[in-house]
Amino acid sequence: MDVEKKVDKIEVLEDGVIQVRTVTIVKEGAQEIARKYHRHVRLPDEDDLSGEDARVQAIASVDWTPDRMESYRKKKANRTVRL
């Protein structure tokens, strides 16, 4: 049985948040017998990307400019918590 795990979708939201979808595929020989998805997000001013897929790192290095980071911090500071 072989297990393949890879990033199959990367989305950048308007505020710079990066959504990453990973797929895990289980194969027996050449036949796929299971598939599972997992999503996680990376935030412009909070996350260390050193363990991320190289494509996620490349996108962040282009998108997460100083202006984008400052804009995200301001937006986050203006959020209110509602219970």
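Looking across segment 50-83, just one residue is in contact with a Pro (Cβ under 6 Å, 6 or more places away or on another chain) and outside any helix (DSSP H, G or I), and that is TRP64.
Before we move on, is VAL20 under 10 Å from the mean Cα position of the chain (by Cα), β-branched (Val, Ile, Thr) and either closer than 29 Å to ALA77 by Cα or at pLDDT 95 or above (or both)? Yes; evaluated as a whole, the condition is true for this residue.
For segment 44-70, a residue qualifies if it is under 17 Å from LYS9 (Cα atoms), surrounded by 10 or more Cβ atoms within 10 Å (Cβ to Cβ) and either of a type in the set (Asp, Glu) or at pLDDT 95 or above (or both), and the qualifying residues are GLU52, ASP53, ARG55, VAL56, GLN57, ALA58, ILE59, ALA60, ASP63.
If a residue has to be assigned to a loop (DSSP other than H, G, I, E, B), farther than 22 Å from THR65 by Cα and touching a residue at least 12 places away in the same chain (Cβ under 8 Å) to count, how many in segment 1-49 make the cut? Selection size over segment 1-49: 1.
Return the residues of segment 36-64 that are touching a Gly at 6+ places or on another chain (Cβ under 9 Å) and not charged (D, E, K, R); say none if nothing qualifies. Matches in segment 36-64: LEU43, PRO44, ALA60, TRP64. Go through segment 1-16 and give me each residue that's surrounded by 14 or more Cβ atoms within 10 Å (Cβ to Cβ) and at pLDDT below 95. GLY16 - this is the single residue of segment 1-16 that is surrounded by 14 or more Cβ atoms within 10 Å (Cβ to Cβ) and at pLDDT below 95.
The values are calculated or read from the model by the stated rules, or taken from the named source; none is laboratory data. None of these values were measured; they are calculated from a predicted model. Cβ atoms come from the backbone with ideal geometry, glycine included; neighbour counts cover every protein chain shown.
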